[in-house]
Amino acid sequence: MKVAIITSKYPSKKFPYRHMFVHIRVKKMIELGVDVQVLVCTNKELSYSFEGVNVHQYNNTSIIKQLSSFDVVYLHLLNLYPLQKADGWPIYQHIMQNKIPFCMYVHGNEVQKYTARKYEYNYSLKETLKWLKKDLWVIPKMKKFVESAILLSYGKFIFPSKWMHQETQRNLDVKIKKPIFIPNGINTDFYSYQDTSQNRYKLISIRPFSAQVYHIEKTIEVMEHLPKKYTLSLFGQGKYLKVYKKLIKKKKLSKRVKIIEEFLQPKEMLEQYRKHGIFISTTRQDSQGLTILEAMSSGLLGVSTLNTAKPEFITHKETGVLANTPEEIALHVKNITTEQIEFNTFTRKASHKIQNLRIKDKVSEEIEILEKVGKRLL
């Protein structure tokens, strides 16, 4: 089976974090014997290698010319950019017009209206134009593509969670029957369990400071309601850095909350997990939430807000903490971390649960669907 994985971004030495979830899949597919070619839709054509994977950047016209040579196309966040050679819409159109077998892994951004994340709106002209582009230009096109695929049965949509399936239907106003659910896989061999109970008063957050969706303010506010022995390490970079520094100072938490202005590679993340006991992620929405699950696999207590897809992967007071307010979150954290033995039992059980998301198993499920679609066994 020859698979074309088409996306709008891919990791490189200069930008190692771009759509890393795609790269992780590609590596595992190659390991499992699949003939994979990575095609990145961009304005500038370029080929390079990243961690043993050959990556080809082409404009939309060049990609379209190659599609007939593949058994199946796998779409991962192929974005729409009006009047640019990086615009994915001509590729979607070509797939529709020629009924090319495809699978689309739905991550969220490609199918959600701007109003699904209206907390990002700041009344600026730039954000207003973003809103208009997303809701009036992108969403109608994605709706057309999804409806065409459903009507003519030449493709399948894979969702990481039930919430993402419901969100897609709500935003596009479509009905997707017999959805396929395959969560993003976790490298449980790399993020292996280790007893972190001696670090149970040390919280860590690894989140970009570039978007309101991550709700770092709430993470900081949780620290207000925890005793002084609890500390927080905030790893990240982005335009809201000064806002968070100001809030930490205002809350008089400077001695207990430290911002480390850097992005971490997986090995560096694992090193930090070994030095902490709690991973906190107070995001406003998640289609799954990979980083917190990797931390839980490593033996940390996963703490998050109760919304969107999170209850599908974290069971409150059984494998992690899910609550709404900073006060509630802090209370549950204190209860679980009071006794070292109880904390150890709790986190060990959570790590064991994450084994159900082993990346090899999840990618194998994706390959099985791709083979069926490629053979038109829909």
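Can you spot a residue in the stretch 68-84 that is over 25 Å from F159 (Cα atoms), in contact with a Phe, Trp or Tyr (Cβ under 7 Å, 6 or more places away or on another chain) and either open to solvent by 70 Å² or more (accessible area, probe 1.4 Å) or at pLDDT 95 or above (or both)? Spell out how you get there, then give the answer.
Start the filter on the stretch 68-84 by keeping residues that are over 25 Å from F159 (Cα atoms), which leaves 68-69, 82-84.
Checking the rest, the ones that are also in contact with a Phe, Trp or Tyr (Cβ under 7 Å, 6 or more places away or on another chain) come to 82.
Next cut, either open to solvent by 70 Å² or more (accessible area, probe 1.4 Å) or at pLDDT 95 or above (or both) only: none.
For the stretch 68-84, residues over 25 Å from F159 (Cα atoms), in contact with a Phe, Trp or Tyr (Cβ under 7 Å, 6 or more places away or on another chain) and either open to solvent by 70 Å² or more (accessible area, probe 1.4 Å) or at pLDDT 95 or above (or both): absent.
Confirm whether G238 is within 19 Å of the chain's Cα centre (by Cα), assigned to a loop (DSSP other than H, G, I, E, B) and in contact (Cβ under 8 Å) with a residue 12 or more places away in the chain.
Working: within 19 Å of the chain's Cα centre (by Cα): yes; assigned to a loop (DSSP other than H, G, I, E, B): yes; in contact (Cβ under 8 Å) with a residue 12 or more places away in the chain: yes.
Criteria met by G238.
With the checklist (1) among the hydroxyl-bearing types (S, T, Y); (2) touching a strand residue (DSSP E or B) at 6+ places or on another chain (Cβ under 8 Å); (3) over 23 Å from G238 (Cα atoms); (4) open to solvent by 20 Å² or more (accessible area, probe 1.4 Å) in hand, flag the one item T325 doesn't pass.
Tallying (1) among the hydroxyl-bearing types (S, T, Y); (2) touching a strand residue (DSSP E or B) at 6+ places or on another chain (Cβ under 8 Å); (3) over 23 Å from G238 (Cα atoms); (4) open to solvent by 20 Å² or more (accessible area, probe 1.4 Å), T325 fails exactly one: (2).
What residue, among those in the stretch 220-271 that are of a type in the set (S, T, N, Q) and modelled with pLDDT of 95 or more, is farthest from R200 (Cα to Cα)? Give the derivation first.
Going residue by residue through the stretch 220-271, those that are of a type in the set (S, T, N, Q) are 231, 233, 237, 254, 265.
Applying the additional criterion that residues be modelled with pLDDT of 95 or more yields 231, 233, 254.
Details: T231: 10, S233: 13, S254: 20 Å.
Looking at the filtered set, the residue picked out is S254.
Under 6 Å by Cβ, and 6 or more places apart or on different chains, what pairs join a residue from the stretch 353-378 that is more than 29 Å from T315 (Cα to Cα) with one that is modelled with pLDDT of 95 or more and open to solvent by 20 Å² or more (accessible area, probe 1.4 Å)?
V373/K156; G374/D71
Which residues, counting only those in the stretch 94-106, are more than 26 Å from the chain's Cα centre (by Cα) and not hydrophobic (A, V, I, L, M, F, W, C)? Please lay out each step first, then the result.
So the first thing to find is which residues in the stretch 94-106 are more than 26 Å from the chain's Cα centre (by Cα), and the list is 94, 96-100.
Of everything in the stretch 94-106, those that are more than 26 Å from the chain's Cα centre (by Cα) and not hydrophobic (A, V, I, L, M, F, W, C) turn out to be H94, Q97, N98, K99.
Given S281, S304, which one is under 25 Å from Y105 (Cβ atoms), touching a Gly at 6+ places or on another chain (Cβ under 9 Å), touching a residue at least 40 places away in the same chain (Cβ under 8 Å) and open to solvent by less than 70 Å² (accessible area, probe 1.4 Å)?
Working: S304 fails: touching a residue at least 40 places away in the same chain (Cβ under 8 Å).
Step by step, each of S281, S304 is checked, and only S281 is under 25 Å from Y105 (Cβ atoms), touching a Gly at 6+ places or on another chain (Cβ under 9 Å), touching a residue at least 40 places away in the same chain (Cβ under 8 Å) and open to solvent by less than 70 Å² (accessible area, probe 1.4 Å).
The values are calculated or read from the model by the stated rules, or taken from the named source; none is laboratory data. On a predicted model such as this, the values are computed, not experimentally measured, just so you know. Here Cβ is always computed from backbone atoms with ideal geometry, including for glycine, and neighbour counts include all displayed protein chains. Heavy atoms of the whole protein, side chains included, go into the accessibility calculation; ligands, DNA and RNA do not. Shrake-Rupley method; radii C 1.70, N 1.55, O 1.52, S 1.80 Å.
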